[in-house]
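Asks: Have a look at this one.
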Amino acid sequence: MGSQMDRLTFIKVMGIGGAVFATGLPGFAEALGPAGSAKASDFYFVQLTDTHWGFEGAKANPDAKGTLGKAIDAVNALDPQPDFVIFTGDLTHITDDAALRRKRMAEFKEQASRLKARQVRFLPGEHDASGDHGAAFQEAFGPSRYVFAHKGIHFIVLDNVSQDGSVLGEEQLKWFATELAKTPKKEPLVIFTHRPLFDLYPDWDWTTTDGQKALDLLKDHHFVTVFYGHIHQEHHHTTGHIQHHSATSLIFPLPAPGSVPKRAPIPWDPAHPYLGLGFRQIHTQPAMLKVGEGQGLLVLSEKALADPSKAAEKPA
Ligand SMILES: [Fe+2]
């Protein structure tokens, strides 16, 4: 695609509506190379989060059994398909019953297998992992922390839910430091976690107790973006040079941090079904950028489930 087309495409993305957020990711162009080079690539991926399979509660979501399937249909309708889809935790709803936990994992996995995207990745939330330190999750989905690379971008998945105390833990931090040492500091880095790595609202467990240690390890990496779930709403925050973006849930929204005395699901509104539920497309569009400018761009496109035409909108 030529730069003119890319710019028009970008305008189209920006024009979808109020639920679109765009952010510059410095360094993407520099790191990925000029358009047409071997490393340059425009692609997008999808973040789904907090599907809570097994949740029951008509006040919060009378379609708890149907919402995940609706989201999968919306993602399957995207053309072209995303390069990959990632679920950022709370795949299943919490239970003390180990057999039921495994049943929910199996049912969730069966549903997720309907996704047409070539690659689907998973990480656990505390609902999946806190009851057994992540054992059932790992049986069903493999390691709860891992690295991968895609078209010049480094991705690292961190597990801040499998141990007691909302922590990453010293052993994982050591592993993280080792992985970061293999990652050139000027190449773009995307981190996925379930809980926020910063203190968003610790009273509601919207934090990672030792998250600052992870952020300290990232301080010499120039271009870092963190995507997370857990708080069941869209939220954007910056710590130093690191950007943090949470996505909406696919079961029920939660109130803004500290806005009400008690953290509880926002009730379902029959006049606006699926309001506050959705998923996110993340487009990397280095070809839009001027070569040598040293600026890159990542476009976040929030897709509301409430409006099927938007949820299934063709990505730019
Ligand atoms: Fe959740």
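Asks: Within the stretch 157-176, is there a residue that is assigned to a strand (DSSP E or B) and either within 16 Å of the ligand (Cβ to nearest atom) or among the small types (Gly, Ala, Ser) (or both)?
Replies: No: zero hits.
Asks: Still on this structure, please answer the following. Please work out which residue is farthest from the chain's Cα centre (by Cα), limiting yourself to the stretch 265-282 and to residues that are without any contact (Cβ under 8 Å) to a residue 60 or more places away in the chain and under 12 Å from Ala58 (Cα atoms).
Replies: Pro270
Asks: Quick test for you: out of Gly89, Gly134, pick the one residue that is buried (at least 18 other Cβ atoms within 10 Å of the Cβ), under 21 Å from Gly57 (Cα atoms) and at pLDDT 95 or above.
Replies: Gly89
Asks: Now for a different question. Filter the stretch 205-223 for residues that are out of contact with any helix residue (DSSP H, G or I) (no Cβ under 9 Å at 6 or more places or on another chain) and more than 16 Å from the ligand (Cβ to nearest atom) and give the result.
Replies: Those that are out of contact with any helix residue (DSSP H, G or I) (no Cβ under 9 Å at 6 or more places or on another chain) and more than 16 Å from the ligand (Cβ to nearest atom): Gly211, Gln212, Leu215, Asp216, Lys219.
Asks: Same structure, new question: Search the stretch 224-236 for residues being assigned to a loop (DSSP other than H, G, I, E, B) and not charged (D, E, K, R), and hand back the single one that is farthest from the ligand (Cβ to nearest atom).
Replies: Taking the candidates together, the pick is Gln233.
Asks: Between a first residue in the stretch 156-168 that is farther than 14 Å from Phe198 by Cα and a second residue that is among the acidic types (Asp, Glu), which pairs have beta carbons less than 7 Å apart while being 6 or more apart in sequence or on different chains?
Replies: Ile156/Glu179; Val161/Glu126
Asks: Being assigned to a helix (DSSP H, G or I) and within 16 Å of the ligand (Cβ to nearest atom) narrows it down to one of Phe87, Phe108, Phe122, so name that one.
Replies: Phe108
Asks: Look through Lys151, Lys186 and report the one residue that is at positive phi and touching a helix residue (DSSP H, G or I) at 6+ places or on another chain (Cβ under 9 Å).
Replies: Within the list Lys151, Lys186, the selection yields Lys151.
Asks: Taking the stated definitions as given, is Tyr201 of a type in the set (Phe, Trp, Tyr) and surrounded by fewer than 18 Cβ atoms within 10 Å (Cβ to Cβ)? Steps first, please.
Replies: Details: of a type in the set (Phe, Trp, Tyr): yes; surrounded by fewer than 18 Cβ atoms within 10 Å (Cβ to Cβ): yes.
Against the criterion (of a type in the set (Phe, Trp, Tyr) and surrounded by fewer than 18 Cβ atoms within 10 Å (Cβ to Cβ)), Tyr201 qualifies.
The values are calculated or read from the model by the stated rules, or taken from the named source; none is laboratory data. These figures come from a predicted structure and were not determined experimentally. Neighbour counts run over all protein chains shown; Cβ positions are idealised from the backbone, glycine included.
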